[in-house]
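Structure record follows, encoded as structure tokens.
The values are calculated or read from the model by the stated rules, or taken from the named source; none is laboratory data. Predicted, not measured: the structure shown is a model, and the values here were computed from it. Note: ideal-geometry Cβ built from the backbone for every residue, glycine included; neighbour counts use all protein chains shown.
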Ligand code: MF3
Ligand code: CO
């Protein structure tokens, strides 16, 4: 397993790629409202990405037919946008987006409320987001990869949530998916030692119920096996000797 260490030049390009993605996400977040179709969200996302001269990296990736993954309620990830899928008040929706800038990939996901949602759903979204921050306390040189996994898992378990096991985070750079794989659940080894210059997409996917997931017949959409709600939060992160740089968050 070879984990790439980015040069200063490459880190600069990753920063740019991720900064643009943060802006795309901010604008997509503002568009979320009851009545919008998941197709419209994808169309807006693709238009925004291209308006920066970038390319959507999900489009046609292993045959994926859209630029943005739009996953509603019990859908965990990789929901395929559709004109027939209209967001309703009380839904939660996960938007996963990525782009390529001058050959460098970025990847980030957010879960949003649609209008007013239940307290339980709001807590799931917030705990999923916070679990990322619990994880990245260990995202620094000298720590080990699975310190991140264990911290995410321990935090989510306190709330009785299911931490998805069948999908993981990943290294990122000149490809969308590079080594290493980054599980979000408890590991019994330490994993590789983290080094400054690694860029990682850390992405907890958390179910309100059990961790089990299933694939729909479209071969993309991942849903919770028990039908419970699911949330997703992802950022592309740069490992340094000190605090990690969260590249896809705008300040
Ligand atoms: N964030 C997801 C990932 O890391 C998105 C990729 S899905 C696909 O794998 F649409 F690109 F296939
Ligand atoms: Co990812």
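Tabulated results
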| quantity | calculated |
| --- | --- |
| Matching option when the condition is within 16 Å of ligand 2 (Cβ to nearest atom) and at pLDDT 95 or above, among 44, 59 | 59 |
| One residue from 122, 139, 108 being closer than 24 Å to residue 23 by Cβ, at pLDDT 95 or above and either over 14 Å from the mean Cα position of the chain (by Cα) or surrounded by fewer than 20 Cβ atoms within 10 Å (Cβ to Cβ) (or both) | 139 |
| Given (1) within 30 Å of residue 102 (Cβ to Cβ); (2) more than 16 Å from ligand 2 (Cβ to nearest atom); (3) crowded, with 16+ Cβ neighbours inside 10 Å, index of the condition residue 193 fails | (3) |
| Of residues in the range 80-105 being within 10 Å of ligand 1 (Cβ to nearest atom) and under 17 Å from residue 172 (Cα atoms), the one surrounded by the fewest Cβ atoms within 10 Å (Cβ to Cβ) | 96 |
| Among the residues listed as 231, 154, the single one being touching a residue at least 24 places away in the same chain (Cβ under 8 Å), assigned to a helix (DSSP H, G or I) and either over 30 Å from residue 7 (Cβ atoms) or away from ligand 1 (no atom under 16 Å from the Cβ) (or both) | 154 |
| Residue list for the range 113-136, filter: in contact with a helix residue (DSSP H, G or I) (Cβ under 6 Å, 6 or more places away or on another chain) and either in a strand (DSSP E or B) or free of Cβ contacts under 8 Å to residues at least 24 places away in the same chain (or both) | 134 |
| Top-ranked residue in the range 44-53 [being touching a residue at least 12 places away in the same chain (Cβ under 8 Å) and in a helix (DSSP H, G or I); ranked as surrounded by the fewest Cβ atoms within 10 Å (Cβ to Cβ)] | 44 |
| Test set (1) farther than 21 Å from residue 17 by Cα; (2) away from ligand 2 (no atom under 15 Å from the Cβ); (3) touching a helix residue (DSSP H, G or I) at 6+ places or on another chain (Cβ under 8 Å) - residue 188 fails condition number | (3) |
| Condition broken by residue 149, with the remaining ones in (1) surrounded by 21 or more Cβ atoms within 10 Å (Cβ to Cβ); (2) under 30 Å from residue 41 (Cα atoms) satisfied | (2) |
| Odd one out for residue 132, checked against (1) within 16 Å of ligand 1 (Cβ to nearest atom); (2) surrounded by fewer than 22 Cβ atoms within 10 Å (Cβ to Cβ) | (2) |
| Hits in the range 54-79 (condition: over 14 Å from the mean Cα position of the chain (by Cα), within 11 Å of ligand 1 (Cβ to nearest atom), more than 20 Å from residue 104 (Cα to Cα) and not in a loop (DSSP other than H, G, I, E, B)) | 63 |
| Residues within the range 165-218 that are without any contact (Cβ under 8 Å) to a residue 24 or more places away in the chain, within 15 Å of ligand 1 (Cβ to nearest atom) and part of a strand (DSSP E or B), tallied | 2 |
| Residue count, the range 160-185 (criterion: touching a helix residue (DSSP H, G or I) at 6+ places or on another chain (Cβ under 6 Å) and away from ligand 2 (no atom under 15 Å from the Cβ)) | 2 |
